[in-house]
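Student: Sharing a structure, written as structure tokens. Questions coming.
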Amino acid sequence: MLEVVGGIPGWYRHGPFYEWAVNEAPDGAHFVEVGVLFGSASNGLARLILESGKQVRLTMVDAFDVKNLGPKALKVIMDVGLGGFRDTFDHFRRGAAHDSGFCDVVTGDTVSSSSIFSDGSLDLVFLDTRHDEEHVSAEISAWLPKVKPAGVLAIKAGGVRDGEYTDHPGARAALAKACASLDRAVVVFDEFASYVRR
């Protein structure tokens, strides 16, 4: 079921993971959330950063292209009266995160946008776009080099839709393969988030 967080619709069930990430973050950290849609999770994370008092930069990356969404997400967009990229992006911008002074937005493909960032520069990358194995694997390959040694790359591993838990097995499989190639273990934070330390 669609939830509303801070007046913004979305599916934000990985709040405990974001709380952990903010608590672990040093001053000067840089977080990237890949996959924003309406911005409910982004704004939740921005609030946690503000409340922490830490100096943490947050960059949000999304194509804001409804053609890439699944049928359930498209139905939600139609239900709330959004029809395309401009409407979706404008709805996102009505949230607070982009005005907070420590957040910025990159509008572009969620794989190639990784090239904007230097290798080994990011403390956290959280992937929450499409959840099929092929796409998540491409995102992991693009974003993992951008993560600092001992930094975290995480995926949204599941969610709740219409009151029922929905697993993302493709995302989990992609992360497991990446971890095997790195000789690292997948850390299952909870049913909504899994991660690997670089």
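The values are calculated or read from the model by the stated rules, or taken from the named source; none is laboratory data. All values derive from a computational prediction rather than experimental measurement. We place every Cβ from the backbone using ideal geometry, glycine too, and count neighbours over all the protein chains shown.
Student: Please verify whether Leu48 is over 25 Å from Asp119 (Cα atoms), touching an Asp or Glu at 6+ places or on another chain (Cβ under 9 Å) and in contact (Cβ under 8 Å) with a residue 12 or more places away in the chain, treating the condition exactly as stated.
Tutor: yes
Student: Next question. Tally time: how many residues in region 170-198 are basic (Lys, Arg) and crowded, with 17+ Cβ neighbours inside 10 Å?
Tutor: Result for region 170-198: 2.
Student: Tell me, which strands (runs of 3 or more DSSP E) lie completely within region 106-198 with 1 or more residues that are within 22 Å of Phe64 (Cα to Cα)?
Tutor: Of the strands (runs of 3 or more DSSP E) lying wholly inside region 106-198, those with at least 1 residues that are within 22 Å of Phe64 (Cα to Cα) span 122-127, 147-156, 158-161.
One line per residue, one yes/no per condition, for (1) more than 16 Å from Phe17 (Cβ to Cβ); (2) touching a residue at least 60 places away in the same chain (Cβ under 8 Å):
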position	(1), (2)
Thr129	yes, yes
Ala138	yes, no
Leu144	yes, no
Ala174	yes, no
Val188	no, no
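Student: Same structure again: For the structure I just gave you, tell me whether Glu133 is surrounded by fewer than 18 Cβ atoms within 10 Å (Cβ to Cβ) and either at pLDDT 90 or above or on the phi < 0 side of the Ramachandran plot (or both).
Tutor: No; evaluated as a whole, the condition is false for this residue.
Student: Looking at Phe38, Phe17 in this structure, which one is under 17 Å from the mean Cα position of the chain (by Cα), modelled with pLDDT of 65 or more, under 19 Å from Gly151 (Cα atoms) and not β-branched (Val, Ile, Thr)?
Tutor: Checking each option against the conditions leaves just Phe17.
Student: Out of region 41-59, which residues are modelled with pLDDT of 90 or more and either in contact with a Cys (Cβ under 8 Å, 6 or more places away or on another chain) or at positive phi (or both)?
Tutor: If the condition is that a residue be modelled with pLDDT of 90 or more and either in contact with a Cys (Cβ under 8 Å, 6 or more places away or on another chain) or at positive phi (or both), then Gly53, Arg57, Leu58, Thr59 are the ones that fit.
Student: Ser114 is checked against (1) small (Gly, Ala, Ser); (2) under 21 Å from Tyr18 (Cβ atoms); (3) in contact with a strand residue (DSSP E or B) (Cβ under 6 Å, 6 or more places away or on another chain) and fails just one. What number does that condition carry?
Tutor: (3)
Student: Please find, within region 91-116, the residue that is modelled with the lowest pLDDT out of those that are under 13 Å from Glu33 (Cα atoms) and hydrophobic (A, V, I, L, M, F, W, C).
Tutor: Restricting to residues being under 13 Å from Glu33 (Cα atoms) and hydrophobic (A, V, I, L, M, F, W, C), the top hit is Ala97.
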